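The values are calculated or read from the model by the stated rules, or taken from the named source; none is laboratory data. Since we're looking at a predicted model, the values are computed, not measured. Every residue, glycine as well, gets a Cβ built from its backbone with ideal geometry; the counts of neighbours run over all protein chains shown. Only protein heavy atoms, including side chains, enter the accessible area calculation; ligands, DNA and RNA are left aside. Shrake-Rupley method; radii C 1.70, N 1.55, O 1.52, S 1.80 Å.
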Amino acid sequence: MNQQGTAPREPQSFERVLSSMCTEPHPVAREAAERFLATNPGDPTTYPAVADLERAAVETLGEITGLADPHGYVASGGTEANIQAVRAARNLADVDDPNVVAPESVHFSFQKAADVLDVELRLAPTVDRRADPAAMANLADEDTVLVVGVAGTTAYGRVDPVPALADLADDRDALLHVDAAWGGFVLPFTDFAWNFDHAAVDTMTVDPHKMGQAAVPAGGFLARDGRVLDALAVDTPYLESTSQATLTGTRSGAGVASAQAAMDELWRDGYREAYERAQENAEWVAAALADRGYDVVDPVLPLVAADVPAETVAALQDRGWRVSPTGAGELRVVCMPHVTREMLASFIADLDAT
Ligand SMILES: *Cc1c(COP(=O)(O)O)cnc(C)c1O
């Protein structure tokens, strides 16, 4: 109950949320999530209906990422998918002291992966906020099991030079993982080389619960080669099905069903429209911030960062704006599907008023 004594329909309004990478689920995704709440894709033999939806979801994720015969599953999110990429690479390699080489712009989930899996994470400096293949080559050696590139970085929306990273991985006999957790549903409408078809990418993270407009939790883990999933599988006594490659056991059928419903509804035209609107909004707010004298990181994808001072950000937060800074302290505006031009105009008006 709120102060007016009426029960709000939603526990969370998106009206002033500007820095989240999640968004309001599409209505079809919400409905599918509710219908499949009581299913467990972790046991596909007992819950075949949701298992069918998961196979369809993986097929569509393959289409979105340029992979004809995808292996993978709907994970709990980008974190699980990234951990699984590191785990598969470690399990498939025959080295004593495995390491992973990534740009310093990589998501913090790789710190968790390194910690849980006891592999060394080597972070290379970036150039213009993108991975620098030469700097990464300096860190890679015969114990490197995985090279990581990001297609849509969390802080700045940058896309790493994936083909050059594929060459590096090939040279070191390592696998190549692309983290497109956030970018995967907008990049198909750009000219970037980022997917399985553009380069020798082995595994990918692509999250329906971010730009894909699915309900949380719906991440995506994809592999070109079925042996990657085999390297993750364990035997499963007590279940009707006999082996399991996921990190979690019981999983949310709601996440799987909502991912499939959202992709069925929106791929490709709906996602293209959402991308075009988001990109226009990002360019609009970037120009508005630049007009006011701030240093703006230009939005190559629908994400804007600007050097707005911390006191101003705090004043905007006091006015109810949900904004968070980058690691370097810049204001970050993520133009998710719920972010409208009216919202951004009202945000800029509040910025002018502070
Ligand atoms: C959000 C994000 C993740 C983590 O995904 P979760 O769903 O929050 O676990 C990983 N990588 C990138 C690039 C992200 O933007």
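Which residues, taken from the range 200-254, are farther than 30 Å from Ser20 by Cα and either within 16 Å of the ligand (Cβ to nearest atom) or among the small types (Gly, Ala, Ser) (or both)?
Across the range 200-254, the qualifying residues are Ala200, Gly226, Ala231, Ala233, Ser241, Ser243.
Give me a count of the residues in the range 98-107 that are away from the ligand (no atom under 14 Å from the Cβ) and assigned to a loop (DSSP other than H, G, I, E, B).
1
State the number of residues belonging to the range 129-147 that are open to solvent by less than 30 Å² (accessible area, probe 1.4 Å) and assigned to a loop (DSSP other than H, G, I, E, B).
Here the count works out to 1.
Could you identify the single residue in Ala261, Ala282, Ala328 that is touching a residue at least 60 places away in the same chain (Cβ under 8 Å) and crowded, with 21+ Cβ neighbours inside 10 Å?
Sole residue among the options that is touching a residue at least 60 places away in the same chain (Cβ under 8 Å) and crowded, with 21+ Cβ neighbours inside 10 Å: Ala261.
Within 16 Å of the ligand (Cβ to nearest atom), open to solvent by less than 60 Å² (accessible area, probe 1.4 Å), closer than 19 Å to Leu266 by Cα and hydroxyl-bearing (Ser, Thr, Tyr), is that true of Thr79?
Judged against the criteria, Thr79 is not a match.
For a quick check of your reading of the model, give me the residue pairs whose first member lies in the range 10-24 and is more than 17 Å from Ala274 (Cα to Cα) and open to solvent by less than 80 Å² (accessible area, probe 1.4 Å), whose second is among the acidic types (Asp, Glu) and in a loop (DSSP other than H, G, I, E, B), with beta-carbon atoms closer than 9 Å and at least 6 apart or on different chains.
Glu10/Glu24
Would it be correct to say that Glu59 is within 16 Å of the ligand (Cβ to nearest atom) and assigned by TED's automatic domain parsing to the domain that holds Asp173?
no
Could you tell me which of the residues Ala164, Ala193, Ala134 is away from the ligand (no atom under 14 Å from the Cβ), without any contact (Cβ under 8 Å) to a residue 12 or more places away in the chain and not hydroxyl-bearing (Ser, Thr, Tyr)?
Ala134
Each row is one residue, and each column tells you yes or no for (1) buried (at least 19 other Cβ atoms within 10 Å of the Cβ); (2) out of contact with any Leu (no Cβ under 9 Å at 6 or more places or on another chain).
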| position | (1), (2) |
| --- | --- |
| Asn91 | no, no |
| Asp94 | no, yes |
| Asn99 | yes, no |
| Arg158 | yes, no |
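Considering only residues that are assigned to a loop (DSSP other than H, G, I, E, B) and open to solvent by 40 Å² or more (accessible area, probe 1.4 Å), look in the range 108-128 and name the one that is nearest to the ligand (Cβ to nearest atom).
Looking at the filtered set, the residue picked out is Phe108.
Any residue in the range 245-252 that is in contact with a Pro (Cβ under 6 Å, 6 or more places away or on another chain) and among the basic types (Lys, Arg)?
Within the range 245-252, one or more residues are in contact with a Pro (Cβ under 6 Å, 6 or more places away or on another chain) and among the basic types (Lys, Arg).
For the range 103-133, enumerate the residues that are over 16 Å from the mean Cα position of the chain (by Cα), small (Gly, Ala, Ser) and within 13 Å of Ala89 (Cβ to Cβ).
Within the range 103-133, Ala114 is the sole residue that qualifies.
Are there any pairs with C-beta distances below 6 angstrom linking a residue in the range 172-186 that is not assigned by TED's automatic domain parsing to the domain that holds Tyr73 to a residue that is surrounded by 24 or more Cβ atoms within 10 Å (Cβ to Cβ) and not in a loop (DSSP other than H, G, I, E, B), with the two at least 6 apart or on different chains, and if so which?
Filtered contacts from the range 172-186: no entries.
So Glu54 passes all but one of these: (1) touching a Gly at 6+ places or on another chain (Cβ under 6 Å); (2) buried (at least 22 other Cβ atoms within 10 Å of the Cβ); (3) not aliphatic (A, V, I, L, M). Which condition number does it fail?
Evaluating Glu54 over (1) touching a Gly at 6+ places or on another chain (Cβ under 6 Å); (2) buried (at least 22 other Cβ atoms within 10 Å of the Cβ); (3) not aliphatic (A, V, I, L, M) leaves (1) as the failure.
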